[in-house]
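Novice: Here it is, the structure, as structure tokens.
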Amino acid sequence: MTMSVQESNSGSEGKEEESEDESEILEESPCGRWQKRKEQISQGNVPGVESASLAMDTEEGVEVVWNEVLFNDRKVFKAQEEKIKEMFENLMQVEHPNIVKFHKYWLDMRESRARVIFITEYMSSGSLKQFLKKTKKNHKTMNVKAWKRWCTQILSALSYLHSCEPPVIHGNLTCDTIFIQHNGLIKIGSVWHRLFVNVFLEASVHGKVRAHRDEQRNLHFFSPEYGSAEDYYAIDIFSFGICALEMAVLEIQANGDAVVSKEAITNAGQSLEDPLMREFTQSCVHHEAKQRPTAHDLLFHRVLFEVHSLKLLAAHCLISNQYLLPENCVEEKTKSFDPNGLMAEIKHGDRPGVELKYSHVSPLELDKFLEDVKNGIYPLMNFALSRPHPVPHALSLSHEQVESVKTPTPEPQETESRKVIQMHCNLESNEEGTKIHLSLFLKMDDKLHRQLSCDILPNDSSKDLANELVHYAFISEEDCEKLAGFLEDALTRHKGKALASGTTQ
């Protein structure tokens, strides 16, 4: 009995030592924010990346991925340095709730070699492939609602990439490069795959740039025209079609072969009971690239498209204007309602109507729904028209085009990407009424909030004031316009109250 206890303790101690060993900090970023740990991870096949380790974001307190690209020849790297910098600057502009976030990058120059380190979001819940394997192992089938929700999120991300001007082609969409979170949020990774292939092949990257087509088990995700001159956004649609098919059937059987055959794909498609799902997947994997629909068109397919509820539209409106609302406004508002109060009523002439009371709405469920909408689980891409996004020009450049790209200045300017989530202000007039003291609080998405104060004269315009505050708040031009509107409304209300109370401003 005693010996078994000692063995158990020895085993647990060994695990603790192993865990402590993996969490050992090996390196820090120049700014000290990112700390590289010993534990190696895999987040999809990324060409040129020599190693990927778990790291800690000390500001946010979350785990991230520390990626490294090593260059054998420092001279060759210097020749490509501006191109590499531009590539990473463009990657940092890609922002979508269903795309793995690219946080930061920096260069590490040594005497004999050079290194690029970049930080990406860590998808702790694993890949879609892993999830589908677990589901099949537990003898379960795919829920149709979940399938539709996942397809919508993936297409939302692809529609974003393809609507960039010029379009961004993913080029490596498989169930291994799609990740799923515990709350059902889908994110696609390896968005930088194609650009890495173009740039790193000529920069003398350490080790071989692994071509994903060498991954035999994933060959069926790539369209017949992949790698040819006609290679365009349709290759992503083909890959998505295979992903959608695998999500529906959990696994396309390879019949013992290393490669999934065309016959196996056809059989998997024919096995779908829903004719709309069958038509949907078959249109994506059409042999002729020109016959495949766009990501935007697929969002309007009958199997996915639905008229959005007023609840979802209101939630998106609330999230997009959150900076105008006080914190915990939903919770505070729901507290003030009478639970038995009538919220809405549907009247029918020939039968009793339907009454909706405030007690029918759970504040907790409402908060969770708003959080899900904010995270990107319920996108509105099949509601709005497709618009081009002015992001990552270099992301879509071909191998030949990249040759001609030159950065006009040696050091790229860092654009402000942080966003203002909420704005609060307090206005107080002095006794003479000659000036107003403004206290402004800006809640930022990076948690590094801003608190500013200044005196406002009667003739100061809200736009000039906002432009002046931008220099101290470090906010984007878009948020500057929002701040101007917010200050104008606040000043108008303040002056109105002052006039009502008899104070002359």
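Novice: For Ser125, only one of the following conditions fails: (1) assigned to a helix (DSSP H, G or I); (2) of a type outside the set (Lys, Arg); (3) modelled with pLDDT under 90. What is its number?
Specialist: It is condition (1) that Ser125 fails.
Novice: Could you list all residues from region 242-272 that are at pLDDT 80 or above and outside any helix (DSSP H, G or I)?
Specialist: Within region 242-272, Leu250, Glu251, Ile252, Val260, Ser261, Ser271, Leu272 meet the criteria.
Novice: Which residue, of Val260, Val249, is in contact (Cβ under 8 Å) with a residue 12 or more places away in the chain and in contact with a His (Cβ under 9 Å, 6 or more places away or on another chain)? Show your work before the answer.
Specialist: On the way: Val249 fails: in contact with a His (Cβ under 9 Å, 6 or more places away or on another chain).
Val260 is the lone residue from the list that is in contact (Cβ under 8 Å) with a residue 12 or more places away in the chain and in contact with a His (Cβ under 9 Å, 6 or more places away or on another chain).
Condition check ((1) modelled with pLDDT of 85 or more; (2) of a type in the set (Phe, Trp, Tyr)) across all residues:
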{"residue": "Tyr160", "(1), (2)": "yes, yes"}
{"residue": "Asn183", "(1), (2)": "no, no"}
{"residue": "Lys187", "(1), (2)": "yes, no"}
{"residue": "Leu195", "(1), (2)": "no, no"}
{"residue": "Val199", "(1), (2)": "no, no"}
{"residue": "Glu215", "(1), (2)": "no, no"}
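Novice: Taking region 112-159, which residues are under 15 Å from Val100 (Cβ atoms), of a type outside the set (Val, Ile, Thr) and touching a residue at least 60 places away in the same chain (Cβ under 8 Å)?
Specialist: Glu121, Tyr122, Met123, Ser124, Ser127, Leu128, Gln153, Ser156, Ala157, Leu158
Novice: Select, from Leu380, Leu395, the only residue that is aliphatic (A, V, I, L, M) and at pLDDT 65 or above.
Specialist: The conditions single out Leu380.
Novice: Something else now. Identify the single condition in (1) loosely packed, with under 15 Cβ neighbours inside 10 Å; (2) in a strand (DSSP E or B); (3) among the acidic types (Asp, Glu) that Glu95 does not satisfy, given that it satisfies every other one.
Specialist: Result: Glu95 fails condition (2) only.
Novice: Going through region 278-299 one residue at a time, which ones are part of a loop (DSSP other than H, G, I, E, B) and surrounded by fewer than 14 Cβ atoms within 10 Å (Cβ to Cβ)?
Specialist: If the condition is that a residue be part of a loop (DSSP other than H, G, I, E, B) and surrounded by fewer than 14 Cβ atoms within 10 Å (Cβ to Cβ), then His287, Glu288 are the ones that fit.
Novice: Pro275 fails exactly one of the following numbered conditions: (1) surrounded by 15 or more Cβ atoms within 10 Å (Cβ to Cβ); (2) without any contact (Cβ under 8 Å) to a residue 60 or more places away in the chain. What is the number of that condition?
Specialist: Failed condition: (1).
Novice: Then there's this: Would region 326-340 turn up any residue that is of a type in the set (Gly, Ala, Ser) and either farther than 30 Å from Ile154 by Cα or at pLDDT 80 or above (or both)?
Specialist: Residues of region 326-340 of a type in the set (Gly, Ala, Ser): 336.
Imposing the further condition that a residue be either farther than 30 Å from Ile154 by Cα or at pLDDT 80 or above (or both) reduces the set to 336.
So far as region 326-340 goes, yes, one or more of its residues are of a type in the set (Gly, Ala, Ser) and either farther than 30 Å from Ile154 by Cα or at pLDDT 80 or above (or both).
Novice: Restricting to region 413-458, what's the tally of residues that are assigned to a strand (DSSP E or B), within 30 Å of Trp106 (Cα to Cα), at pLDDT 75 or above and not hydrophobic (A, V, I, L, M, F, W, C)?
Specialist: Number of matching residues: 1.
The values are calculated or read from the model by the stated rules, or taken from the named source; none is laboratory data. Owing to the predicted nature of the structure, the values given are computational and were not obtained by experimental measurement. Please note: Cβ atoms are built from the backbone with ideal geometry, for glycine as well, and neighbour counts cover all protein chains shown.
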